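The values are calculated or read from the model by the stated rules, or taken from the named source; none is laboratory data. Keep in mind that this is a model prediction, so the values were computed, not measured. Cβ sites come from the backbone with ideal geometry, for glycine too, and all protein chains shown count toward neighbours. Side chains are part of the model used for accessible areas, which takes the heavy atoms of the whole protein and leaves out ligands, DNA and RNA. Shrake-Rupley method; radii C 1.70, N 1.55, O 1.52, S 1.80 Å.
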Amino acid sequence: MSATKKKRQKLLRAIVGWLVALIMFFPVFWMALAAFKTEQDAAALPPLLFFHPTLENFAEMSERVGYLRHAWNSISVSFISTIFALLLAAPAAYVMAFHGTNRTRAVMLWMLSIRFMPAVGVLIPIYLILVSVRLLDTTFALTVIIGLSNLPLVVWMLYSYFKEVPSEILEAARMDGARPLTQLRYLLVPLTAPGIASTALLSIILAWNESFWAINITATDAGTLALAIASFANSEGLFWAKLSAASLASVAPILIFGWIMQRQLVRGLTFGAVK
Amino acid sequence: MSTLELKSVSKSFGSVPVVRDVNLAVKDREFVVLVGPSGCGKSTLLRMIAGLEEITEGEVLIDGEVVNDVSADARGLAMVFQSYALYPHMTVADNMGFALKLAGVDKATRAAKVLEAAKILQLEHLLERRPKELSGGQRQRVAIGRAIVRNPKIFLFDEPLSNLDAALRVQMRIELARLHRSLDATMIYVTHDQIEAMTMADRIVVMRDGIVEQAGAPLELYERPVNTFVAGFIGSPKMNLIGATVQAIEGNRALLAMPGGSRLSVEAEMPLSVGRKVTVGIRPEALHFVDEGEFAGAINVIERLGSETLCYVDIGADDLVTVEVAHDAEVAINDRRLLGVDNNRLHLFDDKGLALVRR
Ligand SMILES: Nc1ncnc2c1ncn2[C@@H]1O[C@H](COP(=O)(O)OP(=O)(O)OP(=O)(O)O)[C@@H](O)[C@H]1O
Ligand SMILES: [Mg+2]
């Protein structure tokens with residue numbers, strides 16, 4: 001009896017799983033469809049599943065919001081802020097993983113707690129600082145702020161990957177004459193490469209999706225896609241098709257990038273076999 | 001051409017003292033073995049010499065210069081770890097040549113030196129493999145090769161053979177001894193295995209609880225242990241240590257009352273007085289079965305090792321007394337035998353365990 005019962009249970013679980021997945025995915029799917037509809041089709045009642053696809057929305061949206069410029073800002077901010085965070089985090093994680101003291105844990109928790117703080121709490125001081133140093137609406141300021149806000153997470157991830165490396169290997173390298181940066185370059189980075197890659201990927205995705213700082217400290221010059229979509233949504237609130245096109249165009253690059261890198265991500269997240 | 005000197009070296013982790021006031025001078029080309037039970041601070045001492053562990057107090061001198069504040073990467077020493085600690089992502093050749101690469105040695109010279117070391121250790125055919133494709137013994141050789149290639153001032157070994165099987169251990173022991181001779185190098189070797197210490201060392205340093213109990217040549221330690229700890233630690237099978245009381249002194253002989261009612265008459269050339277509690281130390285090979293005497297016991301266990309036979313005799317003390325006899329000796333369990341002692345191979349210790357020195 002139990003064999004058939006088990007099978008039935010498994011089937012039930014699969015059906016529930018698929019249902020939940022479909023429900024969650026449906027809005028995205030519907031948005032993707034709407035992006036290729038004319039405004040009339042998009043507003044039609046009952047909703048249309050079959051229609052003549054058009055790229056009009058994209059063309060118009062792109063022209064009105066300056067898609068390419070914002071996309072370029074998004075790309076440069078997310079990549080450069082990630083590199084910036086990695087460069088700062090690697091030495092910090094190295095020290096905490098291999099030369100920790102009994103206060104290391106407290107420092108790490110403190111760093112993470114900063115990440116939990118609502119960003120709006122420091123918006124005004126940071127805004128005023130940026131005004132006084134004339135860095136408002138620059139990709140430089142946005143890159144630094146996003147990089148720093150992702151720093152705790154990057155340190156934590158690198159720390160946990162570095163911890164996997166047996167400390168005797170680094171001690172052997174020290175005996176071989178390797179100073180800390182040499183150890184990082186020749187041992188830690190190659191040994192934890194999959195972990196570092198997935199950390200980078202996560203940081204890029206977080207930076208890409210970051211909208212709070214983009215909306216508040218950038219405008220036309222340094223604005224990212226997040227800002228573009230937000231402002232577009234305000235002005236075009238009722239035009240579903242155009243709005244869908246804009247949203248799709250802003251999430252598509254990172255989705256495609258993430259999809260290409262997903263093997264790397266999985267490898268990194270389940271990584272732990274240097275020993 | 002390297003000497004090492006430790007001056008009152010101490011180490012505490014927090015408030016826990018782990019190494020206490022160690023003084024040691026290692027001569028050029030000497031093979032010094034640090035030996036002691038697990039947890040006595042051998043590795044910690046070695047790591048302080050290496051520069052991997054901070055020195056709480058005292059000074060470490062290499063070639064006469066204080067190196068307390070010189071970091072590990074600048075001390076010019078090489079260390080072989082118990083876990084081998086090979087670089088998993090590099091080939092054997094790259095592992096061995098890593099130090100030279102960091103030192104800026106050009107590729108050709110590097111390859112030549114690696115090959116030279118590989119030949120000494122019979123690793124030539126493995127140079128392109130990665131550590132995980134090697135057996136334990138081969139990894140061990142690579143770890144040693146990595147040290148040789150650097151031509152270090154001093155070699156440091158931390159229990160390098162303890163992960164190998166018994167046969168391989170014996171073989172590597174011999175190879176290491178040979179290596180020491182052919183490289184003319186100063187070596188410091190940590191082990192908890194007293195046989196490794198006895199067979200390889202020029203000088204053995206016996207440690208317990210962070211303190212050096214005795215340092216000296218292997219046979220010196222074997223023949224003149226300064227206390228019961230060293231006496232029991234050095235030598236296999238272990239020295240028999242039996243508590244006794246001085247019962248009478250007659251002329252130049254003293255009569256010792258042993259547990260279980262046995263008596264032992266010894267030459268009283270040591271400062272003994274009637275009623276004094278002592279510990280008698282007798283190595284198994286200094287004991288034999290005799291026809292007359294007052295030191296007796298029943299054979300409890302017999303171990304025939306092939307080359308010799310060990311009899312464990314119950315004389316009524318807490319522990320069985322080990323007697324080493326010829327391999328084909330005619331002995332049987334429950335035999336009651338009389339024991340004779342080689343008098344000049346007898347050790348006496350006072351009630352604190354310190355050796356009573358012969359006058
Ligand atoms: N990082 C540390 N923090 C606190 N205590 C330590 C640390 N490292 C070692 N100890 C303690 O110091 C003592 C000596 O350790 P050590 O590793 O030197 O022993 P050992 O003689 O090498 O033993 P074994 O033969 O087991 O390797 C042990 O009691 C150990 O618990
Ligand atoms: Mg040890």
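Brief remarks follow.
- Of the strands (runs of 3 or more DSSP E) lying entirely inside region B:1-46, those carrying at least 1 residues that are surrounded by fewer than 17 Cβ atoms within 10 Å (Cβ to Cβ) and modelled with pLDDT of 95 or more are B:4-13, B:16-26.
- Breaking point among (1) under 30 Å from B:ALA166 (Cβ atoms); (2) at pLDDT 95 or above, for B:GLN82: (2)
- Taking region B:98-214 and the strands (runs of 3 or more DSSP E) fully enclosed by it, the elements with 1 or more residues that are within 22 Å of B:PRO88 (Cα to Cα) and within 16 Å of ligand 1 (Cβ to nearest atom) are at B:154-158.
- Region B:25-38 - residue that is more than 9 Å from ligand 1 (Cβ to nearest atom) and farther than 16 Å from B:LYS153 by Cβ and, of those, farthest from the chain's Cα centre (by Cα): B:VAL33
- Some residue of region A:134-152 being within 14 Å of chain B (Cβ to nearest Cβ), over 30 Å from B:ASN151 (Cα atoms) and among the hydroxyl-bearing types (Ser, Thr, Tyr): no
- Residues within region B:117-143 that are open to solvent by 30 Å² or more (accessible area, probe 1.4 Å) and β-branched (Val, Ile, Thr), tallied: 1
- Candidates in region B:47-64 are the residues that are within 16 Å of ligand 2 (Cβ to nearest atom) and in a loop (DSSP other than H, G, I, E, B); of these, the one that is surrounded by the fewest Cβ atoms within 10 Å (Cβ to Cβ) is B:GLU53.
- If you filter region A:67-87 down to residues that are under 22 Å from A:LYS242 (Cα atoms) and hydroxyl-bearing (Ser, Thr, Tyr), you find that the one that is least open to solvent (accessible area, probe 1.4 Å) is A:SER74.
- Checking region A:67-89 against the condition returns no match, with no residue being not β-branched (Val, Ile, Thr) and not in a helix (DSSP H, G or I).
- Taken over region B:39-59, the criterion of being within 18 Å of A:ALA172 (Cβ to Cβ) and either within 13 Å of ligand 1 (Cβ to nearest atom) or more than 14 Å from chain A (Cβ to nearest Cβ) (or both) is satisfied by B:SER43, B:THR44, B:LEU46, B:ARG47, B:MET48, B:ILE49, B:ALA50, B:LEU52, B:GLU53.
- Restricting region B:76-97 to residues that are part of a loop (DSSP other than H, G, I, E, B) and at the interface with chain A (Cβ under 8 Å from one of its Cβ atoms), the residue that is farthest from B:ILE154 (Cα to Cα): B:HIS89
- Checked against the criterion of being under 26 Å from the mean Cα position of the chain (by Cα) and crowded, with 16+ Cβ neighbours inside 10 Å, region B:86-99 contains one or more residues that satisfy it.
- Qualifying residue in region B:69-84 (condition: open to solvent by 10 Å² or more (accessible area, probe 1.4 Å), of a type in the set (Gly, Ala, Ser), within 16 Å of ligand 2 (Cβ to nearest atom) and within 20 Å of the chain's Cα centre (by Cα)): yes
- Of the residues contained in region B:6-18, none is found to be within 14 Å of chain A (Cβ to nearest Cβ), within 22 Å of B:LEU176 (Cβ to Cβ) and within 16 Å of ligand 2 (Cβ to nearest atom).
- Helices (runs of 4 or more DSSP H) completely within region A:113-196 that count 2 or more residues being open to solvent by 70 Å² or more (accessible area, probe 1.4 Å): A:123-132, A:139-163
- Cross-chain or 6+ apart pairs with Cβ under 7 Å, region B:86-99 first and in contact (Cβ under 8 Å) with a residue 40 or more places away in the chain, then open to solvent by 20 Å² or more (accessible area, probe 1.4 Å) and not in a loop (DSSP other than H, G, I, E, B): B:LEU86/B:ARG139; B:PRO88/B:LYS132; B:HIS89/A:PRO190; B:GLY97/B:ARG110
- Residues satisfying the stated conditions in region A:1-47, i.e. part of a loop (DSSP other than H, G, I, E, B), surrounded by 15 or more Cβ atoms within 10 Å (Cβ to Cβ) and not hydroxyl-bearing (Ser, Thr, Tyr): A:PHE36, A:LYS37
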